[in-house]
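The values are calculated or read from the model by the stated rules, or taken from the named source; none is laboratory data. On a predicted model such as this, the values are computed, not experimentally measured, just so you know. Here the Cβ positions follow ideal geometry from the backbone for every residue, glycine too, while neighbour counts run over all protein chains shown. When the accessible area is computed, the model is the full protein with side chains, heavy atoms only, and any ligands, DNA or RNA have been set aside. Shrake-Rupley method; radii C 1.70, N 1.55, O 1.52, S 1.80 Å.
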Amino acid sequence: MGSPVWAAQCRLALALAMDISTSVDATEDTLQRQGLAAALLAPEVQEAFFSSPMPVALAVYEWSGRTTQRVILSWKLIEQPPDLLAASTQIANSVRSDSGSATAMGYAMAFGASLMEEAPNCLFQTIDVSGDGSNNDGYGPRIAYKHFPFENIIVNGLVINAADFEGELYLIPFYENNVLHGPGAFLEIASGFEDFERAMRRKLERELRPRLEIGALQTGVLE
């Protein structure tokens with residue numbers, strides 16, 4: 001049984017997962033890290049972060065093969081603009097932990113579920129998975145959803161369409177049919193790694209939009 005909503009520390013626990021598999025070269029990895037760091041500081045994203053009296057808890061991890069998952073940013077409550085700046089700086093200064101291995105997306109999902117268990121008590125939980133390829137190592141996302149605690153977690157996706165027609169023909173449907181999870185889950189598409197920052201801004205703005213906590217505040221439940 002979960003904690004009552006009035007005990008919540010934050011409105012959203014948001015974990016962002018970045019792909020560092022072998023298909024992502026050093027330049028593309030930099031575009032992801034710097035793109036995410038810049039997207040977090042975009043005016044519209046900052047406005048979304050602070051559009052509610054309740055803060056957001058943010059974490060970031062990178063993923064690749066079965067044993068290649070590493071936290072880049074541990075859970076951090078984003079209560080004021082300096083918190084967001086510190087998170088952005090830490091991501092921008094992070095260094096890739098692995099030169100690249102297979103794409104074990106199910107393991108990345110399982111890692112995200114475990115990470116979410118360490119999050120502050122928030123009203124909502126979301127994992128966002130970015131990637132330029134589908135699962136090719138171990139069990140896939142659907143198996144992870146069956147065997148790990150995803151009951152209250154929404155999983156959104158950000159497809160990096162970096163190869164000619166691959167995204168349209170295979171990767172986008174794969175995300176739609178296997179990765180997206182939970183009510184309201186959605187997919188954002190980047191037209192290559194150079195477009196990652198723009199796609200991330202759009203995705204964050206949508207994910208950070210306040211939801212039911214506003215009604216709860218108006219009725220005094222969260223006061």
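3J(HN,Hα) along region 123-140, derived from phi through the Karplus expression 6.51 cos²θ - 1.76 cosθ + 1.60 where θ = phi - 60°, amounts to 5, 10, 10, 9, 10, 10, 10, 9, x, 10, x, 9, 4, 9, 8, x, 5, x Hz, with x in place of Gly and Pro. Taking a ≥ b ≥ c as the square roots of the Cα gyration tensor eigenvalues, region 132-211 comes out oblate, since a/c reaches at least 1.5 and a/b does not exceed b/c. Please find, in a Gaussian network model of the chain (springs between Cα atoms separated by less than 10 Å), the residue of SER88, SER101, SER51 whose mean-square fluctuation is greatest. Maximum among the listed residues: SER51. When shorter helices are ignored and each DSSP H run of at least 4 residues is given -39500 (n - 2.57), the per-residue value for the chain at 222 nm works out to -9500 deg cm²/dmol.
If you run the Gaussian network model on the chain, springs between alpha carbon atoms under 10 Å, then out of LEU12, LEU169, LEU41 the most flexible one is LEU169. Please label the shape of region 1-71 as rounded, prolate or oblate, based on the square roots a ≥ b ≥ c of the eigenvalues of the alpha-carbon gyration tensor (a/c under 1.5 means rounded; beyond that, a/b larger than b/c means prolate, else oblate). Oblate is the answer for region 1-71, as a/c is 1.5 or above yet b/c matches or exceeds a/b.
Tell me whether region 28-166 comes out rounded, prolate or oblate; compute the Cα gyration tensor, take square roots of the eigenvalues as a ≥ b ≥ c, and use a/c under 1.5 as the rounded threshold. Oblate, since a/c reaches 1.5 and b/c is not below a/b.
For region 58-146, the solvent-accessible area of protein heavy atoms averages 40 Å² per residue (probe radius 1.4 Å; ligands and nucleic acids excluded). May I ask you to give the percent of accessible area on region 57-111 that is carbon plus sulfur, with a probe radius of 1.4 Å? Roughly 49 percent of what the probe reaches on region 57-111 is carbon or sulfur. Ranked by the mean number of other Cβ atoms within 10 Å per residue, highest first, peptides 195-208, 62-75 order as 195-208, 62-75. The GNM of the chain, with springs linking C-alpha atoms under 10 angstrom apart, assigns the highest mean-square fluctuation among ASN121, ASN93, ASN161 to ASN93. Computed from label points 7 Å out along Cα-Cβ, the spacing between GLU79 and ARG142 is 4.4 nm.
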